[in-house]
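Down below is the structure, laid out as structure tokens.
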Amino acid sequence: MSEKIKFTIDGKECFAEPGQNILDAATDNGVYIPALCHMRGIKPAGSCRLCNVKIAGRLMTACTTPVEHGMDIENDIPEIQGLRLAIIEMLFVEGNHFCPACEKSGNCELQALAYRYQMMVPRFPYEFPVKEIDASSPKLIIDRNRCILCKRCIRSFTDENGKNIFAFKKRGHKLQINIDAKLSANLSDEMAQKAMDICPVGAIIRKEKGFDQPIGTRKYDKVPIGSDIKSVI
Amino acid sequence: MSTYVKNIIDKYNNDETRLMDILIDIQSEIGYIPNEAVEQISQSLNISIVDVEQTLTFYHFFSQKPIGDYVVYLNNSVVANMMGRSEVAKTFEEEVGCGFNNVSDDGKIGLYSTACIGMSDQEPAAIINGCVFTKLSPARVKDIVADMRAGKNVKEMFNEYGDGQNNSELIKSMVFNNIRKRGEVLFSDYENGAALKKVVTMTQDEVIEEVKTSYIRGRGGAGFPTGLKWDFCRKSEGEIRYLICNADEGEPGTFKERVILTELPKMLFEGMAIAGYALDAKNGVLYLRSEYTYLKDYLENIIQELRETNQLGENIAGKQGFDFDIRIQFGAGAYVCGEESALIESAEGKRGEPRNRPPFPVQKGYMQQPTVVNNAETLCSVVKILLKGADWYTMMGTRESSGTKLISVSGDCRYPGVYEIEWGLRIRDMLEMVGAEDIQAVQVGGPSGTCIGERSFKRTICYEDFPTGGSMMIIDNKRNLLKDVVKHFMDFFIEESCGSCVPCRALTVILKNKLQKILDGNGVMNDLTELKKWCNMMKQANRCGLGQTAANPILTTLENFPEEYEKLINKDIDFNSGFDLSAAVGESCEAVGRTPNL
């Protein structure tokens, strides 16, 4: 077995496998770095920018940066935590997130992060953009009001023939998730559920399927997000 | 299955990485990309429809619906507006009978706006069916619209031809070079092929060493030492290496590449071949912005000529095993593709989203192989460096900035155009040289650069002081800096962001709205504090150069022109939401027919 890489996060001594990215390595060492676009096991996107950490005075996304020997990483410092809160707030104002009416409430990672970072009201003015809901697929509803464009569905989900069901469309502030209605029609119920579970928010919702779990008993209803890695002090 | 779409797809061997070319050809053949074509592409390339659409919808010049037999793309850059764009636009609308972003009722003429088209020295300008029309006036627009109504061929609508090669058979455009100052490196005597002949007598290491010693740095703006980049690439492991020339030139106010491509294409291709030799790359790609499609036939003809004279192709310059060839990859309207990794994505037929680093392009670039991306000006300079030696080159310029630099000068000055200057020129001297008076500000390096005022005119153009890709927009005192320039630049970034990174996608809009609040007279001091804080977030938190610099128009004017902001601020109050209650309830007031006492 190859030798482990030694590094520190906020002074804590940590060890990583060679080639491992900082985010996964931190998780393995009981250090919580928040992220919305990252999913372990798929190629990092580095797009939500929440996992920014400071290395040698520079901000780097933890998900895209491989750990190197002797790296001293700053994570839980006011500058970075402040930036993360700001990014969470940006996501709230650029979309239309009405938690009480959302099927994903309690299982939503954006909502959970807002709680963990104790967001009160976003510092930025709400934009209340007009977004389309795409219900053309017989299996799934794409609610773009809630989509945070993390690309998780694009990066990790294909149909059984390996074809992409999801892709980006347009660019910039008009960027949106596009769904291949025809291909998605052939998805099994399990696959449709998987698509919904991949989504950190409530942008991908199954059709013809109600709530399994009552609100109040869901994943982040009792403990903050990331508590399995590191609890909030 | 439509035959012409099939023919186009066949031409590119059903290759997914040539999706850009397939879409470009269909767009130019039928004027838009119909859904049936999208379906056909998806079937032939065995990819999803959404895969085709993700590339298609990323680029400004692709359209999914008909946009007119004649498609007018009128430049909407800051400089175009300074030079009278609004009158020209109004005349277009009146004569055509529809507003912008629309097609006339008969489907004949479409009017669209577009970002800087590389003609800042001859604005207002427009691209009509691929042909460039410069120095437009309301009177000219009337003639052009009449010609379109009469069904004339676009090339018959020109009323003059430009200078130099612009007037040659394969270009025949209205564009003028406006070369105002010739320097020692680029616009000096050039014998085609001489450097190549010399290079093949050298080893690859010697070539790279010479480039390193010359200390030439990337001329696109970032300034990475070229020799070092070549060295990194050659030392990277890969099956094959690629050399890409970046001629995307999307930074508003820049047009030097246009002149290089028009007047020095042979020097450029020779530079690419030299780089190919040094890197052991057999394939070169010239990534050219869509706006310069009018140069396509001319450039392809020159590439063919160079193949015939053994300067491209196999065993170049008689050297066994020195094989190198070039293909042209056109973009389709996306500023971000000037960023090297976005450019690579685009050249692979994808959306122009910048990649994460590491790996760097020199490690894993085009087709995941070691790739060097060099600016066109850099590659031209390399030709002279190898011919005349690094020592000759380093005698010019300053300590850390050797050689010469092309600057593109536009805006409020008497002599807009391209100047080949030695690094180390003071801004003040530059302004005098170009005939600028009554100057309020100079936008150095385009929107992503710095807006400076009088106080900074003593600074010099060089890497150690004021590095720049070369765009110099001069803004005189009669302009409203915040409204006419800064806000415009923010709109530009909002439009051109790829949208991947949250701060770049969301904060550009938030910042622009904040600026608008101030321009509307609703600003308080705290707005300025917040503006500054939020701009700094952009700088830190984004992945690529576009996102990191997208707040610069606000940030650098806050720093250099604070009084422009402060004079709009109401200092007597601490808070103003900027919310206009009567406007918000206007519609319902009208519906019920009474006005509350607000």
Sorting A:Gln20, A:Phe211, A:Ser227 by the position of each Cα along the dipole of chain A (Lys, Arg +1; Asp, Glu -1; all at Cβ), the one nearest the positive end of that ordering is A:Phe211
At a 1.4 Å probe, which residues in region B:534-550 are at least 50 Å² less accessible with all protein chains present than in their chain isolated?
-> B:Trp534, B:Met537, B:Gln540, B:Ala541
Take every residue in peptide A:158-168, count the Cβ atoms of other chains within 10 Å of its Cβ, and give the average of those counts.
-> 4
Extension gain B:Gln43-B:Ala584, at 0.36 nm per residue separation less the Cα-Cα distance, in nm?
-> 189.9 nm
Taking placed amide H atoms and a strict 5 Å upper bound, the residues 5 or more places from B:Ser63 or on another chain that come that close are B:Ile33
In percent, what relative contact order does region A:86-207 have, based on Cα pairs under 8 Å that are 6 or more apart in sequence?
-> 30
Computed FRET efficiency, Cβ-Cβ of B:Gln516 and B:Arg182, R0 45 Å: what is it to the nearest 0.05?
-> 0.55
Within region A:168-207, whose backbone N sits under 13 Å from a point 7 Å along Cα→Cβ of A:Asn161?
-> A:182-187
Hand me the tally of lysine pairs in region A:186-233: alpha carbons under 17 angstrom apart, and the pair either on different chains or 8 or more positions apart.
-> 5
If a/c stays under 1.5 just call it rounded; otherwise compare a/b with b/c (prolate if a/b is bigger, oblate if not). Do that for the protein assembly as shown, with a ≥ b ≥ c from the square roots of the Cα gyration tensor eigenvalues.
-> rounded
So for chain B: antiparallel DSSP bridges make up what percent, rounded to the nearest 5?
-> 50
Here FRET efficiency (C-beta to C-beta, B:Asp105 to A:Asp76, R₀ 45 Å, nearest 0.05) is 0.15
If you count, for every residue in A:117-129, the Cβ atoms of partner chains within 10 Å of its Cβ, what is the mean?
-> 2
Solvent-accessible area buried by A and B, counting both chains, probe 1.4 angstrom, square angstrom = 3300
Note the full-extension length gain between B:Asp484 and B:Asn570 as 0.36 nm times their separation in residues minus their Cα-Cα distance, in nm to one decimal.
-> 28.8 nm
Would you mind checking which residues have amide H under 5 Å from B:Asn375's amide H? H placed 1.01 Å from N; only 5 or more apart, or other chain.
-> B:Arg219, B:Gly220, B:Asn246
Kindly state, to the nearest 0.05, the FRET efficiency for B:Ala222 paired with A:Phe211, given R0 = 30 Å and r defined as their beta-carbon distance.
-> 0.05
Mean accessible surface per residue for region B:3-56, computed with a 1.4 Å probe while every protein chain stays in place, in Å² | 42
Expressed as a rounded percentage, what relative contact order does chain B have, with Cα pairs under 8 Å and six or more residues apart?
-> 13
Considering only protein heavy atoms, what per residue accessible area in square angstrom results for region A:5-76 with a 1.4 angstrom probe?
-> 39
Once every DSSP H run of n ≥ 4 in chain B is given -39500 (n - 2.57) and the sum is divided by its residues, what mean residue ellipticity at 222 nm do you get, rounded to the nearest 500 deg cm²/dmol?
-> -11000 deg cm²/dmol
Given chain A, what percent of its DSSP beta bridges are antiparallel, to the nearest 5?
-> 90
B:Glu237 and B:Glu160 label points (each 7 Å along its Cα→Cβ direction) are spaced in nm at 6.0
Give me the number: length gained by fully extending B:Ser28 to B:Lys142, i.e. 0.36 nm times residue separation minus the C-alpha to C-alpha distance, one decimal in nm.
-> 38.5 nm
List the residues of region B:286-324 whose backbone N lies under 13 Å from a point placed 7 Å from the Cα of B:Asp189 along the Cα-to-Cβ direction.
-> none
If all Cα-Cα distances of chain B are sorted into 20 Å bins from 0 onward, what percent lands in each bin, rounded to whole numbers?
-> 19, 53, 25, 2, 0
With runs of 4+ DSSP H residues as the only contributors, calculate the mean residue ellipticity of chain A at 222 nm using -39,500 (n - 2.57) per run, divided by the residue total and rounded to the nearest 500.
-> -6500 deg cm²/dmol
Electrostatic dipole magnitude of region A:46-186 [Cβ: Lys, Arg +1; Asp, Glu -1; Cα centre; debye, to 20] | 440
Note the direction-averaged projected area, equal to a quarter of the hull surface, for the Cα convex hull of region A:5-76, in nm².
-> 4.1
Once you sort the root eigenvalues of the Cα gyration tensor of region B:447-518 as a ≥ b ≥ c, which label holds: rounded (a/c under 1.5), prolate (a/b larger than b/c) or oblate (the other case)?
-> oblate
What's the longest bit of chain B with no exposed trypsin sites (Lys or Arg not before Pro), using DSSP loop states and at most 11 other Cβ atoms within 10 Å as the test?
-> B:1-413
Using Cα positions and a limit of under 16 Å, work out the lysines in reach of B:Lys533, with same-chain residues fewer than 8 apart set aside.
-> B:Lys512, B:Lys514
Using alpha-carbon positions, the gyration tensor of region B:3-56 gives root eigenvalues a ≥ b ≥ c; with a/c under 1.5 called rounded, otherwise prolate if a/b exceeds b/c, else oblate, the class is rounded
Would you mind computing, in nm to one decimal, how far apart the modelled labels at B:Lys11 and A:Lys182 are, each placed 7 Å from Cα along Cα→Cβ?
-> 2.5
Counting Lys and Arg as +1 and Asp and Glu as -1, what is the net charge of the other residues whose Cβ lies under 13 Å from the Cβ of B:Glu251?
-> -3
Give the span of region B:404-479's Cα atoms along each principal axis, as three whole-Å numbers ordered largest to smallest.
-> 31, 22, 21
Output field shielding_mean for A:56-64 (other chain Cβ, 10 Å radius) holds 2
Which percent of the accessible area of region A:5-76 is formed by carbon and sulfur heavy atoms (probe 1.4 angstrom)?
-> 50
Distance between region A:58-137 and region B:239-258 - C-alpha centres, whole angstrom | 35
Pull up the cross-link candidates among the lysines for B:Lys11, meaning alpha carbon to alpha carbon under 20 Å and not fewer than 8 places away within one chain.
-> B:Lys296, B:Lys350
Could you state the number of Å between the C-alpha centres of region B:319-373 and region B:105-153?
-> 32
Of the listed peptides A:101-111, B:437-447, B:520-530, what is their order by residue-averaged count of other C-beta atoms within 10 Å, with the highest listed first?
-> B:437-447, A:101-111, B:520-530
Quick one: go through region A:123-142 and flag any residue whose amide nitrogen is under 15 Å from the point 7 Å out along the Cα-to-Cβ line of A:Ile42.
-> none
Report the Stokes-Einstein translational diffusion coefficient (µm² s⁻¹, integer) for region B:70-159, Rh taken as the Kirkwood radius over Cα pairs, at 20 °C with viscosity 1.002 mPa s.
-> 169
With contacts defined as alpha carbon pairs under 8 Å and 6 or more residues apart, what's the relative contact order of region B:260-359 in percent?
-> 25
May I ask what percent, to the nearest 5, of DSSP beta bridges between residues of the protein assembly as shown are antiparallel?
-> 60
Compute the long axis of helix A:78-94 from its Cα atoms, compare it with the longest principal axis of the Cα atoms of chain A, and write down the angle in degrees, 0 to 90, nearest 10.
-> 10
Could you tell me the number of lysine pairs in region A:32-173 with C-alpha atoms less than 30 Å from each other, where the two lysines are 8 or more residues apart or belong to different chains?
-> 27
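The values are calculated or read from the model by the stated rules, or taken from the named source; none is laboratory data. As the structure is a computational prediction, the values presented were derived from the model and not from experiment. So basically every Cβ, Gly included, is an ideal-geometry build from the backbone, and we count neighbours across all protein chains shown. All accessible areas refer to the heavy atoms of the entire protein, side chains included, with ligands and DNA or RNA removed. Shrake-Rupley method; radii C 1.70, N 1.55, O 1.52, S 1.80 Å.
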